[in-house]
């Protein structure tokens, strides 16, 4: 029982860290990367679909993305979706190819992005602590059902706390790396 609770907590904490990595990948730094546009949806035959399902996105150089829609008639829709996104990008259409230049980040925008990154990291920490709380409640439930001795519960709670500390440290590492990435010129 204790091992199952710890495995479940570890799996859920790992998902929280992966979710944070995914959120960080959406945030723009000074360099181009194809996953930057992943969260953008494009109207396509009456429904909203992710951009990577209607076009290929490639990095053509350090500050330019090239988006090539698979159907020429969807070029305006893709261009409009990129323009209306929260990324502040200005796509340039050239026939059936859309070039997306990434402007350098201003100091003000870098600081703003750092605040966003810190908020995301704090949300991940809170999620991990909530998972710890759930695991500890399961352990207390086992005591009430007389499946677990008090000293076993205490050892298991210590192990869950170590797990929590480990995943919070991973969140802090990701945060530090992303902040450094944002502050590079």
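State all residues of segment 144-158 that are at pLDDT 80 or above and touching a helix residue (DSSP H, G or I) at 6+ places or on another chain (Cβ under 6 Å); if no residue qualifies, say none.
If the condition is that a residue be at pLDDT 80 or above and touching a helix residue (DSSP H, G or I) at 6+ places or on another chain (Cβ under 6 Å), then 153, 156, 157 are the ones that fit.
Is it true that residue 128 is in contact (Cβ under 8 Å) with a residue 12 or more places away in the chain and either in contact with a helix residue (DSSP H, G or I) (Cβ under 9 Å, 6 or more places away or on another chain) or not in a loop (DSSP other than H, G, I, E, B) (or both)?
yes
The values are calculated or read from the model by the stated rules, or taken from the named source; none is laboratory data. Note that this is a predicted model, so its numbers are computed, not measured. Because the Cβ atoms are built from the backbone with ideal geometry, glycine has one as well, and the counts that use them run over all protein chains shown.
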